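Have a look at the structure below before the remarks.
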Amino acid sequence: MRTEIAAEPYPFAFEPARTALLIIDMQRDFLEPGGFGEMLGNDVSQLRRTIEPNKALLAAWRAAGLTVIHTREGHRPDLTDLPHAKKIRGRGPTTIGDAGPMGRILVRGEPGHDIIPELYPIPGEPVIDKPGKGAFHATDLFQILMTRGIARLVVTGVTTEVCVNTTVREANDRGFDCLVPEDCVGSYFPEFQAMGLAMIKAQGGIFGWVGRSADIIGALQTT
Ligand code: C5J
């Protein structure tokens with residue numbers, strides 16, 4: 001059944017059964033001290049306000065029996081998928097692959113690479129391991145969405161202007177309509193949060209729609 005919710009630049013219409021909740025990189029490395037986010041000089045507490053809204057949306061999405069997909073940014077333990085440019089970016093004393101308080105930074109299988117306990121995937125929810133910022137680059141996400149007949153995405157997670165924006169742009173070019181609930185995405189920088197959302201919904205929704213999780217949850221409960 002098709003439903004419509006308030007969003008900018010205009011209402012977002014979607015068929016829940018053909019819409020996936022795509023949760024981007026809600027990993028300890030970005031949201032907890034001692035990980036990749038802090039290594040880059042960021043105040044990770046800035047992102048933590050996204051946890052409760054994501055929890056509520058995830059619970060509603062699961063209760064409705066809809067598709068949930070999680071992503072994690074990170075690299076193989078041997079770092080063969082880590083471009084040199086990414087390894088040395090930032091010129092910090094500690095870089096991707098080095099040891100940190102939550103294990104090797106941004107490396108698959110390490111504690112810091114895992115999804116935060118509050119939003120931990122349950123069996124049946126695909127987890128996409130991505131080496132880049134966009135969730136479509138060098139992953140099988142597109143194949144999974146096609147197999148499940150997904151036409152629209154609700155994209156949440158961190159960070160708004162980096163992996164969320166890159167993924168929304170990739171998805172838009174592949175023909176998916178994307179809705180981004182603003183309370184479920186976060187940035188280390190308030191100005192990038194605002195501009196990251198503005199860029200998505202500008203020019204008639206050039207990359208997608210921006211809404212709020214309460215409206216999505218309300219629509220799921222009444223559909
Ligand atoms: C970053 C991400 N910010 N998940 N990654 O490096 O947005």
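Bear in mind that the values in this text are calculations on the coordinates, not laboratory data. Predicted model, so just to flag it, every value in this text is computed and none were measured. Note that each Cβ is placed from the backbone with ideal geometry, even for glycine, and that neighbours are counted across all protein chains shown.
If I filter region 1-54 down to residues being among the hydroxyl-bearing types (Ser, Thr, Tyr) and touching a residue at least 60 places away in the same chain (Cβ under 8 Å), which single residue comes out as farthest from the ligand (Cβ to nearest atom)? In this case the residue turns out to be Thr3. Kindly evaluate Leu79 against the criterion of being crowded, with 19+ Cβ neighbours inside 10 Å and either touching a helix residue (DSSP H, G or I) at 6+ places or on another chain (Cβ under 7 Å) or not small (Gly, Ala, Ser) (or both). Considered against the rule, which asks whether it is crowded, with 19+ Cβ neighbours inside 10 Å and either touching a helix residue (DSSP H, G or I) at 6+ places or on another chain (Cβ under 7 Å) or not small (Gly, Ala, Ser) (or both), Leu79 comes out as no. For region 179-195: of the residues being closer than 22 Å to Val44 by Cα and buried (at least 23 other Cβ atoms within 10 Å of the Cβ), which is farthest from the ligand (Cβ to nearest atom)? Across region 179-195, the extreme among qualifying residues is Pro181.
The set of residues in region 159-176 being surrounded by 17 or more Cβ atoms within 10 Å (Cβ to Cβ), under 28 Å from Gly149 (Cβ atoms) and either of a type in the set (A, V, I, L, M) or more than 16 Å from the ligand (Cβ to nearest atom) (or both) consists of Val164, Val168, Ala171, Asn172, Phe176. Contact map, region 69-85: first residue touching a residue at least 12 places away in the same chain (Cβ under 8 Å), second residue assigned to a loop (DSSP other than H, G, I, E, B) and surrounded by fewer than 15 Cβ atoms within 10 Å (Cβ to Cβ), Cβ cut-off under 8 Å, separation 6 or more or different chains; pairs are Pro77/Gly109; Asp81/Ala138; Leu82/Arg76. When the residues of region 55-103 are narrowed to those that are part of a loop (DSSP other than H, G, I, E, B) and polar (S, T, N, Q), which ends up nearest to the ligand (Cβ to nearest atom)? Once the filter is applied, the top-ranked residue is Thr95.
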